[in-house]
């Protein structure tokens, strides 16, 4: 966990996202800062936000994360099947990994 006195993590392992989120919430509460809506209720988070993976993909393509997410949403909205979605992404230089 987080040691408030030293400002360092107490364990030797890397912090996990849930732990980092908990530490962030603690900081907001301890300092009486206004907490973002997405921290209070995960359903209220901004759907235009993007994940680290989406940001990294956008960077590889030379785009901003919001541009990539918007492009993906446009492809999804214009597609009526999985094949159409994969095709729309392919036209924009994005490959969809299938398992």
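For beta carbons closer than 6 Å, sequence separation of 6+ or different chains, a first residue in the stretch 54-71 that is assigned by TED's automatic domain parsing to the domain that holds residue 85 and a second that is surrounded by 15 or more Cβ atoms within 10 Å (Cβ to Cβ) and not in a helix (DSSP H, G or I), the qualifying pairs are 65/50; 69/50.
Taken over the stretch 22-63, the criterion of being part of a loop (DSSP other than H, G, I, E, B), touching a helix residue (DSSP H, G or I) at 6+ places or on another chain (Cβ under 6 Å) and within 30 Å of residue 90 (Cα to Cα) is satisfied by 45, 50.
The values are calculated or read from the model by the stated rules, or taken from the named source; none is laboratory data. The structure presented is a predicted model; accordingly, all values stated were derived computationally and were not measured. A quick note on method: Cβ atoms are made from the backbone with ideal geometry, for glycine too, and the neighbour counts reach across all protein chains shown.
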